[in-house]
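Taking it in order: structure first as structure tokens, then the write-up.
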Amino acid sequence: GAAMQRFLRPLLCLWALRLPAGGGAAAARGLDVASYRERVRAMFYHAYEHYLESAFPYDELRPLTCDGQDTWGSFSLTLIDALDTLLILGNVSEFQRVVNVLQEGVDFDIDVNASVFETNIRVVGGLLSAHLLSRKAGVEVEAGWPCSGPLLRMAEEAARKLLPAFQTPTGMPYGTVNLLHGVNPGETPVTCTAGIGTFIVEFATLSHLTGDPVFEDVARTALKALWKNRSDIGLVGNHIDVITAKWVAQDAGIGAGVDSYFEYLVKGAILLQDKELMSMFLEYNKAIKNYTKFDDWYLWVQMYKGTVSMPVFQSLEAYWPGLQSLIGDVDNAMRTFLNYYTVWKQFGGLPEFYNIPQGYTVDKREGYPLRPELIESAMYLYRATRDPTLLELGRDAVESIEKISKVDCGFATIKDLRDHRLDNRMESFFLAETIKYLYLLFDPDNFIHNDGSDFDVVVTPYGECVLNAGGYIFNTEAHPIDPAALHCCRKRKEEQWEVEDLMREFYSRKKTKKFTLKRAPDHGEGENAKDPEDASSEKAGEKRNFKKSSHSLLSCPSQSFNSKLAVLGQVFLDNT
């Protein structure tokens, strides 16, 4: 409808731009975009090859000792996290090899206590993204793809391991779950806000692809529980008790512990064309501006009173200008970005905490673990404005990371930006996010930046389906999700179910007598999914796999004319 188009209009500035190769205005300033792109590619392989050589199958590389360690579970995490980056760099052969390695080697049936949040964004998100990109990467996909496939099954298996965490009185999940036994007895009920509100992108994608509504349902319930428990002045705190819904840490801000909750309201709204999620964010946005914003900086305040509790900037907050650009607030986004960029220039990186009034680092928070957030915002804002200052941040990031952080075995976390001491760790997000956003900043013609002028039409058991038209939604670990894929695997219109049932009857030629039609539920499950007289429809009701003969006769009704054209990479649904 008109309202939906109104809130999606800001995306035009992001996805409609066709940038000139060579970076436009930046070339005039003497910044060689192509050479920086190649330097970023070399950075990726320096880190990736040393991970494979020295750390695989462990989660992460320890670059100072050239060995590996398990950190967030035991999933060969860096390999899952780096998989879609391989394709963005154009390496289809290694993408295909890794897909096979992961299928054979990753097991989620393990006695490991895992972070629900991290497992979702890195493992479920990484597998979903790779699944949706696998045809583009030349993988031979199953007949039912994108509604089935080995990576999708792995993503679903990992997500199912997280579901016990959501079984609380409030619907807000525990922060940790044992992958074998569920929630441990005595597990702390205190979870950070982001650990509750950062599931809708991955879980809704899973539900739409698999037909099982449980994932999207639990993610929505958790989002709404946070909304319901906001303070009278419209703010949420940092940590909450998921049993009692009492706020334990009452600091409100846009950074650590809260950040991706706000991000997922916006991205969930765009991905699902959901006005309710967007209106929640816009309400929060008003309260954030009213209480936490000072001179284009954002401070931390007490969630009930609005009084300043910490006048600090955290490096994790640097995602905010990118998020503002997604809702079309580009001027404010640029002003805040430029504040953050001055901090980068002061230190050659963003310290974890920066005291705004004093203009210096905070004790014990002087490190920079090669985080992506400022580069992520630069990528979004460059799509929207083509301002060459944004490419200069990219240049500075490449120069400083290479100068300070590069070691023989990869790139090491910077323990202290003041004296450039290093830590023996390379987080998986360095390859998943930091390198990816840097590369995309310097690669205006990458397929990720598609404006809808190019797309693939895929025939699925559910009809024709438009994919790879652009408008990708990055999860908070920079794993791109194709929003059009969410409309490939189910029907919405009652008449279409009936037509399919009629045609199935016609082609089965098993019956001549009259039959009754019952509409199968949207997600292909439930007690009314089959005609009791017709056992052959049972499988069809569950899996909706049709014989080839019906492919050409059935088309997907949820793909409107606009979405076939994939206008501006955005899919507009015609739900009438």
As an exercise, take the mean of 1/r over every pair of distinct alpha carbons in region 332-454, invert it, and state the Kirkwood radius in angstroms.
15.2 Å
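So which GluC sites (Glu not before Pro) in region 38-144 pass both tests, a DSSP loop state and at most 14 other Cβ atoms within 10 Å of the Cβ? Please report the intermediate quantities before stating the final value.
Working: sites: Glu38, Glu49, Glu53, Glu60, Glu94, Glu104, Glu118, Glu140, Glu142; in loops: Glu140, Glu142.
Taking region 38-144 and a limit of 14 other Cβ atoms within 10 Å, the loop GluC sites (Glu not before Pro) found are Glu140, Glu142.
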Candidate residues Met43, Met310: accessible-area rank, largest first, probe 1.4 Å:
Met310, Met43
Counting only protein heavy atoms and leaving out ligands, DNA and RNA, the solvent-accessible surface of Ser279 at a 1.4 Å probe, in Å² to the nearest 10, equals 60 Å²
Would you please calculate the Kirkwood hydrodynamic radius of region 85-137 over all C-alpha pairs and express it in Å, rounded to one decimal?
12.3 Å
First compute the accessible area of region 379-441 with a 1.4 Å probe, then give the percent of it belonging to carbon and sulfur atoms.
39 percent
Rank-order 396-404, 153-161, 336-344 by packing density, defined as the average count of other C-beta atoms within 10 Å over each peptide's residues, highest first.
153-161, 336-344, 396-404
What length, rounded to one decimal in nm, is gained on full extension from Val308 through to Lys403, with 0.36 nm per residue of separation minus their alpha-carbon distance?
30.5 nm
Pairs over 26 Å Cα to Cα, from Lys161/Lys289; Lys228/Lys286; Lys293/Lys403; Lys161/Lys286; Lys136/Lys436, come to Lys161/Lys289; Lys293/Lys403; Lys161/Lys286
Theoretical gain in end-to-end length, Ala34 to Thr244 [0.36 nm per residue, Cα-Cα removed]
70.2 nm
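For Ser315, Ser54, what's the largest-to-smallest order of accessible area, 1.4 Å probe?
Heavy-atom accessible area, descending, gives Ser54, Ser315.
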Mean Cβ neighbour count within 10 Å, used as a protection proxy, ranking 472-481, 186-195 highest first:
472-481, 186-195
Once Lys and Arg get +1 and Asp and Glu get -1 on their Cβ, which of Asn290, Tyr360, Val398 lies farthest toward the positive end of the dipole of region 278-410?
Asn290
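Pairwise over distinct Cα atoms, reciprocal of the mean inverse distance: report the Kirkwood radius of region 153-229 in Å, one decimal place.
12.6 Å
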Report the accessible area of Ser93, computed with a 1.4 Å probe over the heavy atoms of all protein chains in place, in Å² rounded to the nearest 10.
80 Å²
Which percent of the Cα-Cα distances in region 83-206 go past 24 Å?
32 percent
Distances longer than 26 Å among the Cα atoms of region 201-355: what percent of all pairs is that?
29 percent
Straight-line reach from Lys224: which aspartates and glutamates have a Cα under 19 Å away, not including same-chain ones fewer than 8 places off?
Glu202, Glu216, Asp232, Asp241, Asp259, Glu263, Asp274, Glu276, Glu283
Between His420 and Leu338, the two model label points (7 Å from Cα along the beta-carbon direction) sit apart by a distance in nm of 3.0 nm
Evaluate the Debye formula for region 30-158 with equal point scatterers sitting on the alpha carbons, no solvent, and hand back log10 of I(q)/I(0) at q = 0.11, 0.23 Å⁻¹, in q order, two decimals.
-0.41, -1.41
Can you compute log10 of I(q)/I(0) for region 319-402 with the Debye formula, treating each Cα as one identical point scatterer, at q = 0.13, 0.17, 0.20, 0.22 Å⁻¹?
-0.39, -0.66, -0.89, -1.04
Any of Lys246/Lys305; Lys246/Lys275; Lys345/Lys415 with alpha carbons more than 19 Å apart? Name them for me.
Lys246/Lys275
Expressed as a fraction of 2.2 N^0.38 Å, the rule-of-thumb size for a compact globular protein of N residues, what is the C-alpha radius of gyration of region 39-102?
1.07
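The values are calculated or read from the model by the stated rules, or taken from the named source; none is laboratory data. Just so we're clear, the structure is a prediction, and the values are computed from it rather than from any experiment. Counting neighbours? That spans all protein chains shown, and the Cβs are built from the backbone with ideal geometry, glycine included. For accessibility, only protein heavy atoms count, side chains too; no ligands or nucleic acids. Shrake-Rupley method; radii C 1.70, N 1.55, O 1.52, S 1.80 Å.
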